[in-house]
Amino acid sequence: MHDFLLTFTVCLALAFVISEVFHRFRYPRILGQIIAGIVLGLPILHDLVFTPDTLTYISFLSQLGIIFLLLLAGLEIDYRRLMEVSREAVLVAVFSAAIPFAMGFLLMKLFGYSDVLALIVGGCLAVTAEATKVKVLMDFKVLDTKLGAIMLAAGAIDDILEIILLSMVLVLVQTEGALGLSQLITLPLEILLFIALVYLFFKSFPWIARYMQRTSELGAFSISIILGLCVVMLSEFLGLGPVIGALVAGLILRVSIRAKEERKIAKDLRIAAFGLIVPFFFIWIGMQFDVNALFMYPVLVLLITLIATLGKLSGSIIVKFFSKLSLKQTALIGWGMNSRGAVELVIASAAYPVFVRENAVEIFSAVVIMAIITTMIFPVMLKHELKKNPLVMDD
């Protein structure tokens, strides 16, 4: 118990201090929390603060942080706005995934690596991290805007892609390159079953909502969290991951309970999540940063980061020709979609045996560093653009 408490306190205190410094200079706290993770990941501090058991504990808290962050996002955004931008969101999701995937695949083939490794790296470049950009949008109070809704909806669509990619990677690792697509056929059925069960849950929710109106504020808050976690567990059980489940749960809560109660629950959840749990998600991201690899393979890190960023930006900017969005707006969406730091780290870690088998551990390190760098770029670009044009998110 002492080890867990020490680790929890040190991580939270360091993240708080550094994030407050960033906030003082009008940068989002997420940057400070990631920097805290990088500091804690340095060999000297890492060995002092963490044990194998406490690392497992931090990993669990980081996953819980993702769930609460997306649950809150669903509570705070108007679902009607998501429907209004559904066309743009689909276009952004498709192009901003396809182009970096193709660029990453071709780069690895140019370096002479196998199709398997090229698919894995392309997949890592294609995905986006819903949780990281949601926190940035919340920090700047622009989540419930036109561009915020596009990024959120496009990210949710990309989550389906991430599930497919992760499944493919696991199959490739287990079969040493022989792609057993039969294991992926059940995914559409799982999605349909999830939609059907969520619909039934949504229809039964008014009875629960009426009970929540009669109970105390604490009771209503607890019921909301429990119901949200039930939807997340359902999503996990069906193989769809926690992100989609948490976002859907938040949307259900928003449309099913009275506005006054929804605002109170969202306020309480924001305090509890941002104060205690969500920081561990960004600390965990920072802890994946390999300082040694940055100095050992600087050109490779720069090249993969450049390819990943150009792919996301060009994929989003293309949408300008199929929508009424301006060039600045599509570029800003591109910076948001370029934010990573979650699933691609899982994909790369799951595929680590492939990197070892092909003597490409330096590629693995470069992909991990790329994910962290791209995550840290978005808040800087968003701050810069909002300073020039405060209305760019909703024009």
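Check whether at least one residue in segment 305-321 is basic (Lys, Arg), closer than 30 Å to residue 12 by Cβ and surrounded by fewer than 21 Cβ atoms within 10 Å (Cβ to Cβ), and report yes or no. No; the residues of segment 305-321 include none that is basic (Lys, Arg), closer than 30 Å to residue 12 by Cβ and surrounded by fewer than 21 Cβ atoms within 10 Å (Cβ to Cβ).
Going through 280, 321, 274 one at a time, which residue ends up being within 14 Å of the chain's Cα centre (by Cα) and outside any loop (DSSP other than H, G, I, E, B)?
280
Here's a check for you: in segment 242-256, which residue that is surrounded by fewer than 24 Cβ atoms within 10 Å (Cβ to Cβ) and more than 16 Å from residue 157 (Cα to Cα) is modelled with the highest pLDDT? Looking at residues that are surrounded by fewer than 24 Cβ atoms within 10 Å (Cβ to Cβ) and more than 16 Å from residue 157 (Cα to Cα), I get 252. Between 330, 305, the distinction of being among the hydroxyl-bearing types (Ser, Thr, Tyr), part of a helix (DSSP H, G or I) and closer than 18 Å to residue 106 by Cα belongs to 305 only. Scanning segment 116-135 for residues that are in contact (Cβ under 8 Å) with a residue 40 or more places away in the chain and of a type outside the set (A, V, I, L, M, F, W, C) yields 123, 128, 130, 132, 133, 135.
To keep it simple, each residue is scored yes or no on (1) within 14 Å of the chain's Cα centre (by Cα); (2) in a helix (DSSP H, G or I).
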residue	(1), (2)
90	no, yes
117	no, yes
128	yes, no
158	yes, yes
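Pairs linking a residue in segment 27-50 that is in contact (Cβ under 8 Å) with a residue 40 or more places away in the chain to a residue that is assigned to a helix (DSSP H, G or I) and acidic (Asp, Glu), with Cβ atoms under 8 Å and 6 or more positions apart or on different chains, are 28/139; 29/20; 29/139; 30/139.
For a quick check of your reading: which helices (runs of 4 or more DSSP H) sit entirely within segment 1-71 and have at least 3 residues that are under 22 Å from the mean Cα position of the chain (by Cα)? Those helices (runs of 4 or more DSSP H) span 2-24, 29-40.
Applying the set (1) touching a Phe, Trp or Tyr at 6+ places or on another chain (Cβ under 7 Å); (2) at pLDDT 85 or above; (3) closer than 27 Å to residue 70 by Cβ; (4) of a type in the set (Gly, Ala, Ser) to residue 308 leaves exactly one unmet item: (1).
For residue 44, state whether it is at pLDDT below 90, over 18 Å from residue 132 (Cβ atoms) and either of a type in the set (Val, Ile, Thr) or surrounded by 14 or more Cβ atoms within 10 Å (Cβ to Cβ) (or both).
So residue 44 passes the test.
Checked across segment 84-97, the condition of being touching a Phe, Trp or Tyr at 6+ places or on another chain (Cβ under 7 Å) and buried (at least 19 other Cβ atoms within 10 Å of the Cβ) holds for at least one residue.
Here residue 240 fulfils each of the conditions (1) in a loop (DSSP other than H, G, I, E, B); (2) over 16 Å from the mean Cα position of the chain (by Cα) apart from (2).
Is it the case, given these coordinates, that residue 125 is in contact with a Lys or Arg (Cβ under 6 Å, 6 or more places away or on another chain), closer than 23 Å to residue 336 by Cβ and surrounded by 21 or more Cβ atoms within 10 Å (Cβ to Cβ)? So residue 125 fails the test.
The values are calculated or read from the model by the stated rules, or taken from the named source; none is laboratory data. This is a predicted model, so every value here is computed, not measured. Cβ atoms come from the backbone with ideal geometry, glycine included; neighbour counts cover every protein chain shown.
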